[in-house]
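Trainee: Please read through the structure below; I'll follow up with questions.
The values are calculated or read from the model by the stated rules, or taken from the named source; none is laboratory data. A quick note: this is a predicted structure, and the numbers were derived from the prediction, not measured. Neighbour counts run over all protein chains shown; Cβ positions are idealised from the backbone, glycine included.
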Amino acid sequence: MIPQSVSQPRKLCFVTVGATASFNSLISTVLSRPTLKALQEAGYTDLRLQFGRDGRAVFDDFILSNEDGSEERCGLSITGFEYNRKGLGQEMRGATAYSGRVGGVVVSHAGSGSILDALRLDIPTIVVPNPSLLGNHQVELAEELASQGYVVHGKLDDLATAIAESEKLRERHKAWPPVNSGADPSGRGLAGVMEDEMGFVD
Amino acid sequence: MFLLLKRSLNPSLYALRSYVISAGDEFSAQRAEEFERSLWCASATAMAAGGVGGGMKEEEAKQRYEIYTVPRARKIHQSLLTTPINALKCCIACIHVLRGNNNKPLLYPQYPDLIICNGPGTAVCVILMSLSLKYFGIRGAKGKMRTIYVESFARVRTLSLSGKILRGCCDRFVVQWERLKRGRAEYLGILV
């Protein structure tokens with residue numbers, strides 16, 4: 001094992017591909033040399049992957065061919081699991097800053113559930129749409145959220161840049177959920193629509 | 001759906017709640033249970049802190065909601081040719097739900113006052129059945145079952161199939177991205 005300085009705080013990168021479609025290209029990109037190097041340079045100590053139903057082979061292949069502490073692992077402690085039926089909130093919490101940890105990052109497929117989980121936990125998020133789901137509206141979600149500055153739109157051919165950008169996202173810190181003052185002058189949101197329909201009068 | 005409800009549902013205004021989920025979607029059933037539990041915990045905490053409202057025993061709180069499972073309206077990627085058979089089964093089950101065939105006949109009146117849905121095929125069945133019950137003037141249905149459709153947060157530039165079908169027939173049609181604000185669609189910002 002490469003000796004880590006004792007003082008280095010733990011910093012987690014959590015990767016999720018979701019439960020429905022397999023997304024092995026994201027797993028192999030995350031486990032590629034440029035991405036791991038970028039994580040190391042950004043001060044990460046831990047990498048945890050939710051690799052999905054079909055992702056175990058890719059993950060195991062990396063783990064078996066690059067032993068713990070080898071140079072290929074870039075000093076990262078790398079773990080993985082298939083999926084957690086109870087949701088990934090608990091796993092994601094590892095990437096928030098608490099008890100000796102510094103804030104990390106979530107790398108997520110473009111499923112709205114995972115993205116919202118990460119945003120609500122206030123963790124910088126890199127959203128990587130799955131190109132094999134062609135014509136999928138998930139790309140639009142990633143693009144729109146990125147253009148409004150809530151997430152980084154990550155691409156498979158260059159995750160290293162996205163990791164650097166996510167550090168800027170952390171500094172800018174845009175709170176979620178957005179304040180919808182402009183769109184909804186009444187400020188009552190859906191509750192207002194519901195009350196209108198029920199005929200409740202204040 | 002539950003993030004949406006968490007932000008918008010006041011349990012003291014909407015005292016009885018029914019959840020309709022598709023067969024095989026245990027995950028949503030579990031989420032509904034958790035959501036109801038969080039409502040109960042919040043009211044118990046408010047009570048303990050000397051606030052008003054809530055204060056229900058857990059048993060009593062469990063009487064306040066019902067989870068219904070109906071057959072799936074359309075399996076994922078099912079061909080449009082065979083969908084009607086499944087959709088019909090789903091619709092029949094939805095009529096039973098709307099008529100209040102549950103195990104709490106004394107507490108629950110027939111026909112809900114308000115229906116809120118998002119995009120799954122099951123929602124289309126629920127809304128269309130509520131419309132037909134009203135259309136045929138079934139006793140007790142009139143003036144009830146106001147409908148609110150909330151398009152998924154994931155739909156940024158185009159409506160979902162359910163959204164396209166239901167756009168014209170819900171009392172209120174709410175979208176979560178400004179680009180979709182067309183016609184009678186309402187945009188109130190992001191709601192989840």
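Trainee: For the list (1) at pLDDT below 95; (2) surrounded by 14 or more Cβ atoms within 10 Å (Cβ to Cβ), I need the number of the one condition that A:VAL105 fails.
Mentor: Answer for A:VAL105: the failing condition is (1).
Trainee: Which of (1) more than 14 Å from chain A (Cβ to nearest Cβ); (2) at pLDDT 90 or above; (3) not in a helix (DSSP H, G or I) does B:VAL52 not meet, given it meets every other one?
Mentor: (2)
Trainee: Just to be sure I understand, how many residues within region B:114-133 are out of contact with any strand residue (DSSP E or B) (no Cβ under 7 Å at 6 or more places or on another chain), at pLDDT 90 or above and of a type outside the set (Ser, Thr, Tyr)?
Mentor: Going through region B:114-133 one residue at a time, the tally reaches 6.
Trainee: Something else: How many residues are at the interface with another protein chain (Cβ under 10 Å from one of its Cβ atoms) and out of contact with any Leu (no Cβ under 6 Å at 6 or more places or on another chain) if we restrict to region B:1-40?
Mentor: 12
Trainee: With the condition kept exactly as written, say whether any residue in region A:17-37 is over 25 Å from A:ARG85 (Cβ atoms), touching a Ser or Thr at 6+ places or on another chain (Cβ under 9 Å) and assigned to a helix (DSSP H, G or I).
Mentor: Within region A:17-37, one or more residues are over 25 Å from A:ARG85 (Cβ atoms), touching a Ser or Thr at 6+ places or on another chain (Cβ under 9 Å) and assigned to a helix (DSSP H, G or I).
Trainee: Consider A:LEU141 against the criteria (1) surrounded by 17 or more Cβ atoms within 10 Å (Cβ to Cβ); (2) at the interface with chain B (Cβ under 9 Å from one of its Cβ atoms); (3) more than 14 Å from A:ILE115 (Cβ to Cβ): it satisfies all of them except one. Which criterion is unmet?
Mentor: Tallying (1) surrounded by 17 or more Cβ atoms within 10 Å (Cβ to Cβ); (2) at the interface with chain B (Cβ under 9 Å from one of its Cβ atoms); (3) more than 14 Å from A:ILE115 (Cβ to Cβ), A:LEU141 fails exactly one: (3).
Trainee: Is one or more of the residues making up region B:155-162 assigned to a loop (DSSP other than H, G, I, E, B), more than 27 Å from B:ARG99 (Cβ to Cβ), at pLDDT 90 or above and charged (D, E, K, R)?
Mentor: yes
Trainee: Any idea which residue in region B:110-121 is nearest to B:HIS77 (Cα to Cα), counting only those that are within 13 Å of chain A (Cβ to nearest Cβ) and either buried (at least 18 other Cβ atoms within 10 Å of the Cβ) or hydrophobic (A, V, I, L, M, F, W, C) (or both)?
Mentor: Here the answer is B:GLY119.
Trainee: Among the numbered conditions (1) within 22 Å of B:ILE127 (Cα to Cα); (2) of a type in the set (A, V, I, L, M, F, W, C); (3) touching a Gly at 6+ places or on another chain (Cβ under 9 Å), tell me where B:ALA42 comes up short.
Mentor: (1)
Trainee: Another question about this same structure. Need the failing condition index for A:PHE62 against (1) free of Cβ contacts under 8 Å to residues at least 40 places away in the same chain; (2) over 23 Å from A:GLU41 (Cα atoms), just the number.
Mentor: With (1) free of Cβ contacts under 8 Å to residues at least 40 places away in the same chain; (2) over 23 Å from A:GLU41 (Cα atoms) applied to A:PHE62, the lone miss is (2).
Trainee: So, one more: Residues to consider are B:ALA73, B:ALA93, B:ALA29; find the one that is among the hydrophobic types (A, V, I, L, M, F, W, C), assigned to a loop (DSSP other than H, G, I, E, B) and either within 19 Å of the chain's Cα centre (by Cα) or surrounded by 13 or more Cβ atoms within 10 Å (Cβ to Cβ) (or both).
Mentor: B:ALA73
Trainee: Which one of the conditions (1) exposed (fewer than 15 other Cβ atoms within 10 Å of the Cβ); (2) within 14 Å of chain A (Cβ to nearest Cβ); (3) over 22 Å from B:LEU88 (Cβ atoms) does B:LYS164 fail to meet, given that it meets all the rest?
Mentor: With (1) exposed (fewer than 15 other Cβ atoms within 10 Å of the Cβ); (2) within 14 Å of chain A (Cβ to nearest Cβ); (3) over 22 Å from B:LEU88 (Cβ atoms) applied to B:LYS164, the lone miss is (3).
Residues are listed down the side, and each one gets a yes or a no for (1) of a type in the set (D, E, K, R); (2) under 21 Å from B:ILE190 (Cα atoms):
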residue	(1), (2)
A:SER99	no, no
A:SER114	no, yes
A:ILE123	no, yes
A:GLN138	no, yes
A:GLY149	no, yes
A:LYS155	yes, no
A:GLU165	yes, no
A:PRO178	no, yes
A:MET194	no, yes
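Trainee: Answer with yes or no whether A:GLY113 is surrounded by 14 or more Cβ atoms within 10 Å (Cβ to Cβ) and more than 13 Å from chain B (Cβ to nearest Cβ).
Mentor: It is false that A:GLY113 is surrounded by 14 or more Cβ atoms within 10 Å (Cβ to Cβ) and more than 13 Å from chain B (Cβ to nearest Cβ).
Trainee: Another question about this same structure. Checking the structure you have, find out if any residue of region A:169-186 is within 9 Å of chain B (Cβ to nearest Cβ), on the phi < 0 side of the Ramachandran plot and touching a strand residue (DSSP E or B) at 6+ places or on another chain (Cβ under 7 Å).
Mentor: Yes, the conditions are met somewhere in region A:169-186.
Trainee: Counting only residues that are free of Cβ contacts under 8 Å to residues at least 24 places away in the same chain and surrounded by 16 or more Cβ atoms within 10 Å (Cβ to Cβ), which one in region B:122-155 is nearest to the other protein chains (Cβ to nearest Cβ)?
Mentor: Here the residue is B:ALA154.
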